[in-house]
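Right, one structure below, let's go through it.
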């Protein structure tokens, strides 16, 4: 059966990241944008990271420019913006597409395994996907779902 561990992606620094390194971790994957009305969610994601990383939570952000061109920067600009504006030190990946023919294979998988209200598309920035310690998808959260609202689900999976 397919799971999260079959994928790879490039970090914001251009290094290959193998998702096999996430075994026995609870993982939250989020498509992000630095010029979106929801961008302040970076702060909430960072709070989750600080609160639960030592217990086994890994948060991975995937910048995406497909929604209102709200992530126009290059890797350096994205990294600096995340750090300076929100203190982000969870794992950020290179900018990808999440919808369409050029969607990253991980997002093709995410959309098929946990479709949203509107089918197999990512609706907007900050759509979130939660995985258990076995790499199985557990839940998809709408862009407007604040990170703090996911804390209870994270805690249950960390037990």
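The values are calculated or read from the model by the stated rules, or taken from the named source; none is laboratory data. Being a predicted model, the structure only gives us computed values, none of them experimental. Cβ atoms come from the backbone with ideal geometry, glycine included; neighbour counts cover every protein chain shown.
Applying the selection to the stretch 1-41, what residues are out of contact with any strand residue (DSSP E or B) (no Cβ under 7 Å at 6 or more places or on another chain), within 15 Å of residue 82 (Cα to Cα) and at pLDDT 95 or above?
Listed by number, the list holds a single entry, 41.
Pick from 52, 5: which is in a helix (DSSP H, G or I), within 17 Å of residue 111 (Cα to Cα) and either in contact (Cβ under 8 Å) with a residue 60 or more places away in the chain or under 14 Å from the mean Cα position of the chain (by Cα) (or both)?
Just one listed residue meets the conditions, 5.
Condition check: in contact (Cβ under 8 Å) with a residue 12 or more places away in the chain, in a helix (DSSP H, G or I), within 23 Å of residue 14 (Cβ to Cβ) and in contact with a helix residue (DSSP H, G or I) (Cβ under 8 Å, 6 or more places away or on another chain). Does residue 110 satisfy that?
no
Taking residue 16 as the residue in question, decide whether it is in contact with a helix residue (DSSP H, G or I) (Cβ under 8 Å, 6 or more places away or on another chain), exposed (fewer than 14 other Cβ atoms within 10 Å of the Cβ), free of Cβ contacts under 8 Å to residues at least 40 places away in the same chain and on the phi < 0 side of the Ramachandran plot.
Answer is no for this residue.
Can you say whether residue 129 is surrounded by 20 or more Cβ atoms within 10 Å (Cβ to Cβ), over 14 Å from the mean Cα position of the chain (by Cα) and either at pLDDT below 95 or at negative phi (or both), as far as the supplied structure shows?
no
Out of (1) outside any loop (DSSP other than H, G, I, E, B); (2) in contact (Cβ under 8 Å) with a residue 40 or more places away in the chain; (3) farther than 19 Å from residue 9 by Cβ, what's the single condition that is false for residue 62?
With respect to (1) outside any loop (DSSP other than H, G, I, E, B); (2) in contact (Cβ under 8 Å) with a residue 40 or more places away in the chain; (3) farther than 19 Å from residue 9 by Cβ, residue 62 is out only on (3).
Could you grab me the full set of residues in the stretch 127-159 that are assigned to a loop (DSSP other than H, G, I, E, B) and under 23 Å from residue 6 (Cα atoms)?
Scanning the stretch 127-159 gives 127, 132, 133, 134, 135, 136.
When you look at residue 47, is it in a helix (DSSP H, G or I), surrounded by fewer than 21 Cβ atoms within 10 Å (Cβ to Cβ) and modelled with pLDDT of 95 or more, yes or no?
When the stated conditions are applied, residue 47 passes them.
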